[in-house]
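Trainee: Structure provided below as structure tokens; questions to follow.
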Amino acid sequence: MTPHPRIPGHRFLHSPGPTRVPDEVMDAMRRQPMDLADPRLDRVIQACEAGLKALLQTTTADVFMYACNGHGAWEAVIANLLAPGQQVLIAGTGHFSESWAVQAEAMGAKVLRTPWREGYPIDVPAMEAALRADTAHAIVAVFVVHTDTASGMTSDLASIRQALDAAAHPALLVVDVVASLGAAPFAMDTLGANVVLGASQKGLMVPPGLAFVAADSAAMKVAAANPSPRFYWDWARRQSPLSYRKFCGTPPQSLLFGLEAALGLIFHEGLEHVIARHQMIAGAVHAAVEAWSEGGALSLFVREPAARSVSVTTVSVAAGIDPEALRSVAREQFQVAIAGGLGPLAGRTFRIGHLGDMNPAMILGCLAGVEAALRVQGIPIGSGGVQHAVAALAGEVTGKR
Ligand SMILES: Cc1ncc(COP(=O)(O)O)c(C=O)c1O
């Protein structure tokens, strides 16, 4: 085998998942597997469950962890809550709401969608209208993606809860926090979410392969009444003190060791600090992109500043610019891995991930690498992108915009 040539120094991973894994998490994963009856394994699992509940800010929901990715958690929710032919209302947020909708349809659910307007958050009045129109209360659940990782947009979940309450509709509120947990504020019980799902590889700073669902008693009741066959995903089957039953088989031990360590890092830093750090870093990215945009070729995809994600920034490119070529130059020449556009935004956008194990110097390195790649590609950009990011991090008001 030809060895990979060594690339000197640190490679900057700015995909919005998988994200960089902290050394402490890597170290925790570097342990031999344990015998399934080892009480230390039970303690790790309990620590992960307790840590996830604390992070989700729920004292009432049950947490189910799965050896799977985010699509698996989506499938768990669909399999437990929706029998074929039953209805779900999915709020349009872009590629990820649509992918979840397609998956629900593939499993036999009847999906109602609210329209998605590019660059804008969820159409809450359309959601409320759909709920009010459903006088028979056939809609079992409302599925919402908190941060749509393709659009780079975070929705106001409280307004969606209010729409459900205003319509006096009993549908369950199900929230995908895959891209927002550990980055944006989220509190399951205060919000009144019935089900929340997430995955390991983004704000949780753990390698891909572990996902979870938290379900409250209302959701457990709906699941108990759902006659459709299921086994691996079944919440009732996983309600067991035995780790083998909890995971419907052998637990993904290394990922659990990593998750325990990652949750420890988040709580050691302090959740409020973690959230403030994400806001600060996102502010630097937005400042740089706004400065670049003055060249006329780029723009922030999300139009409403309040809806811009603290996890990922989606940048639109003018017609004729190839974002994939830009990504290649950024990755191969400058060691900065950024993401491309997904679904309807493929070929029209690129994305900068800035969540998880991230600090100001890392984001400046990323932005400098992207700026260099933009120049190599001859893409017209306004001057001083990186300087504006520096100013934002330094807390200075540049007066430019
Ligand atoms: C918001 C959101 N939900 C779900 C998924 C699906 O997760 P996975 O790719 O782990 O299956 C992703 C993946 O990026 C995501 O960003």
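The values are calculated or read from the model by the stated rules, or taken from the named source; none is laboratory data. Note that the coordinates shown come from a computational prediction; the quantities given were computed from them, not determined experimentally. Don't worry about glycine lacking a Cβ; one is built from the backbone with ideal geometry, like all the others, and counts go over all protein chains shown.
Trainee: Of the residues in segment 257-282, how many are charged (D, E, K, R) and in contact with a helix residue (DSSP H, G or I) (Cβ under 6 Å, 6 or more places away or on another chain)?
Mentor: Of the residues in that region, 1 qualify.
Trainee: Okay, moving on. From M107, M127, grab the single residue that is more than 14 Å from the ligand (Cβ to nearest atom), over 20 Å from A183 (Cβ atoms) and crowded, with 24+ Cβ neighbours inside 10 Å.
Mentor: Answer to the selection: M127.
Trainee: Those residues that are touching a strand residue (DSSP E or B) at 6+ places or on another chain (Cβ under 7 Å), more than 12 Å from the ligand (Cβ to nearest atom) and of a type outside the set (G, A, S), I need them from segment 59-73; list them, please.
Mentor: D62, V63, F64, M65
Trainee: Next up: Could you give me the residue pairs with C-beta distances under 8 Å whose first residue belongs to segment 358-374 and is under 20 Å from E24 (Cβ atoms), whose second residue is basic (K, R) wherever it lies, and which are 6+ apart or on separate chains?
Mentor: M358/R20; M358/R277; N359/R277
Trainee: Could you grab the pairs with beta carbons closer than 8 Å, sequence gap of 6+ or different chains, first residue in segment 308-331 and without any contact (Cβ under 8 Å) to a residue 24 or more places away in the chain, second one part of a loop (DSSP other than H, G, I, E, B) and of a type outside the set (S, T, N, Q)?
Mentor: A318/G296; A318/A297; E324/G347
This table checks each residue for (1) free of Cβ contacts under 8 Å to residues at least 40 places away in the same chain; (2) of a type in the set (G, A, S); (3) surrounded by fewer than 24 Cβ atoms within 10 Å (Cβ to Cβ); (4) away from the ligand (no atom under 12 Å from the Cβ).
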position: R132; (1), (2), (3), (4): yes, no, yes, yes
position: T135; (1), (2), (3), (4): yes, no, yes, yes
position: V142; (1), (2), (3), (4): no, no, no, yes
position: A150; (1), (2), (3), (4): no, yes, no, no
position: L164; (1), (2), (3), (4): yes, no, yes, yes
position: A168; (1), (2), (3), (4): yes, yes, yes, yes
position: A171; (1), (2), (3), (4): no, yes, yes, yes
position: V177; (1), (2), (3), (4): no, no, no, no
position: A183; (1), (2), (3), (4): no, yes, no, no
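Trainee: Return yes or no: is Q86 surrounded by fewer than 18 Cβ atoms within 10 Å (Cβ to Cβ) and modelled with pLDDT of 95 or more?
Mentor: Judged against the criteria, Q86 is not a match.
Trainee: For segment 365-380, check the following and say yes or no: at least one residue is over 26 Å from the mean Cα position of the chain (by Cα) and of a type in the set (V, I, T).
Mentor: Yes.
Residues are listed down the side, and each one gets a yes or a no for (1) surrounded by fewer than 18 Cβ atoms within 10 Å (Cβ to Cβ); (2) not in a helix (DSSP H, G or I):
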{"residue": "A330", "(1), (2)": "no, no"}
{"residue": "Q333", "(1), (2)": "yes, no"}
{"residue": "A339", "(1), (2)": "no, yes"}
{"residue": "P344", "(1), (2)": "yes, no"}
{"residue": "I352", "(1), (2)": "no, yes"}
{"residue": "G356", "(1), (2)": "no, yes"}
{"residue": "M362", "(1), (2)": "yes, no"}
{"residue": "L367", "(1), (2)": "no, no"}
{"residue": "A372", "(1), (2)": "yes, no"}
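Trainee: I've got another one for you. Could you tell me which residue of segment 47-83 is farthest from A138 (Cα to Cα), considering only residues that are β-branched (V, I, T) and buried (at least 23 other Cβ atoms within 10 Å of the Cβ)?
Mentor: Result: V77.
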